[in-house]
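Enquirer: Can you keep this structure in mind? I'll have questions shortly.
The values are calculated or read from the model by the stated rules, or taken from the named source; none is laboratory data. Predicted, not measured: the structure shown is a model, and the values here were computed from it. Because the Cβ atoms are built from the backbone with ideal geometry, glycine has one as well, and the counts that use them run over all protein chains shown. What goes into the accessible areas is simple: the full protein's heavy atoms, side chains included, and nothing from ligands, DNA or RNA. Shrake-Rupley method; radii C 1.70, N 1.55, O 1.52, S 1.80 Å.
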Amino acid sequence: ENWGELGRHLVQPYRVVVAGAPNVGKSSLVNAVAGYQRSIVAPLPGTTRDVLVTQLAIDGWPIELVDTAGWHPTVQPLERLAIERAQQAAASADLVLWVFDAALPEPAWPRDTGSRLMLVANKCDLPVVSDVPAEVRVSALTGEGIPELLHRLVRRLVPREPNKGEALPVLSDQFEMLKVWRSRLANS
């Protein structure tokens, strides 16, 4: 088994970006997962203007949970800059939690759901009218579904854990040395 990528993430956290349209509860979800109020929450669209990083350990795995501005068309320069930063953060993420409001009949969500994207229906404490096929349904307000979200998040990042006591490379020098030895073994 090639454990290089997994070992690297023991010293460099997985980057999980929380993205979605404005006012779907991204910041509330970050706060619910973190267990404290890391992000400012307000009913006004555009409250989150910058990329906010929260360092966590979930099931022992180091994770940076990244709260971002809501994605939407705008002509406002400050909002446009915030959305560009959000999109850049998502582009470099290990996993993107695309949060949408399950109480809206036609929520915005990306149709191309690649392996780095997890659809999360939020506000499930309200009457659910969305039929978007979410991987997990949560309520950031009540905490419903948060344990399931955390479980699925870790399983997506770490689909198979090493056996107890199994060595993992964690330094770039170790990765390079393993590549050299693997190549030598393959050529002998």
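Enquirer: If I build a Gaussian network model for the chain, linking alpha-carbon pairs within less than 10 angstrom, which residue out of GLY145, GLY60, GLY20 has the largest mean-square fluctuation?
Expert: Largest GNM mean-square fluctuation: GLY60.
Enquirer: Okay, next question. Towards the positive end of the charge dipole of region 148-188, with charges on Cβ (+1 Lys, Arg; -1 Asp, Glu), say which of ASN187, ALA167, MET177 has the farthest Cα.
Expert: Among ASN187, ALA167, MET177, the one farthest towards the positive end of the dipole of region 148-188 is ASN187.
Enquirer: Between LEU168, LEU65, LEU117, where does the largest GNM mean-square fluctuation fall for the chain, given springs only between Cα atoms within less than 10 Å?
Expert: Greatest mean-square fluctuation among the candidates belongs to LEU168.
Enquirer: Also: Output the 0 to 90 degree angle, nearest 10, between the alpha-carbon long axis of helix 172-186 and the longest principal axis computed from the alpha carbons of the chain.
Expert: The angle comes out near 50 degrees.
Enquirer: Suppose a student asked you for the relative contact order of the chain, using Cα pairs under 8 Å spaced at least 6 residues apart; what percent would you report?
Expert: About 24 percent, as a whole number.
Enquirer: So if a site counts as exposed when it's one of the trypsin sites (Lys or Arg not before Pro), its DSSP state isn't H, G, I, E or B, and it has at most 11 other Cβ atoms within 10 Å, what's the longest stretch of the chain without one?
Expert: Counting at most 11 other Cβ atoms within 10 Å as exposed, the longest clean stretch of the chain is 1-110.
Enquirer: Still on this structure: Dividing the Cα convex hull volume of the chain by residue count, how many Å³ per residue is that?
Expert: With only Cα atoms used, the chain gives 144 Å³ per residue.
Enquirer: Where the only charges are on Cβ atoms (+1 Lys, Arg; -1 Asp, Glu), what is the dipole of the chain about its Cα centre, to the nearest 20 debye?
Expert: 340 debye
Enquirer: I've got another one for you. Among SER130, SER39, SER172, which one shows the highest mean-square fluctuation when the chain is modelled as a Gaussian network with alpha-carbon springs under 10 Å?
Expert: Per the Cα network of the chain with a 10 Å cutoff, SER172 tops the list.
Enquirer: Take the chain, mark every one of the GluC sites (Glu not before Pro) that falls in a DSSP loop and has at most 10 other Cβ within 10 Å, then report the longest stretch left between them, sites excluded.
Expert: Here the longest run is 2-165.
Enquirer: If the only charges are +1 at each Lys and Arg Cβ and -1 at each Asp and Glu Cβ, what is the size of the charge dipole of region 57-130 around the Cα centre, to the nearest 20 debye?
Expert: 180 debye
Enquirer: A further question on this structure: Given only helices, namely DSSP H runs of n ≥ 4 each adding -39500 (n - 2.57), what is the per-residue ellipticity at 222 nm of the chain, to the nearest 500 deg cm²/dmol? All intermediate terms of the calculation are to be shown ahead of the outcome.
Expert: On the way: 5 runs with 59 residues, N = 188.
Computed mean residue ellipticity for the chain: -9500 deg cm²/dmol.
Enquirer: Next question. At 1.4 Å probe size, with every protein chain present, just tell me what the per residue accessible area of the chain comes to in Å². Let's see the in-between values first.
Expert: Numbers: 10520 Å² over 188 residues.
It amounts to 56 Å² per residue over the chain.
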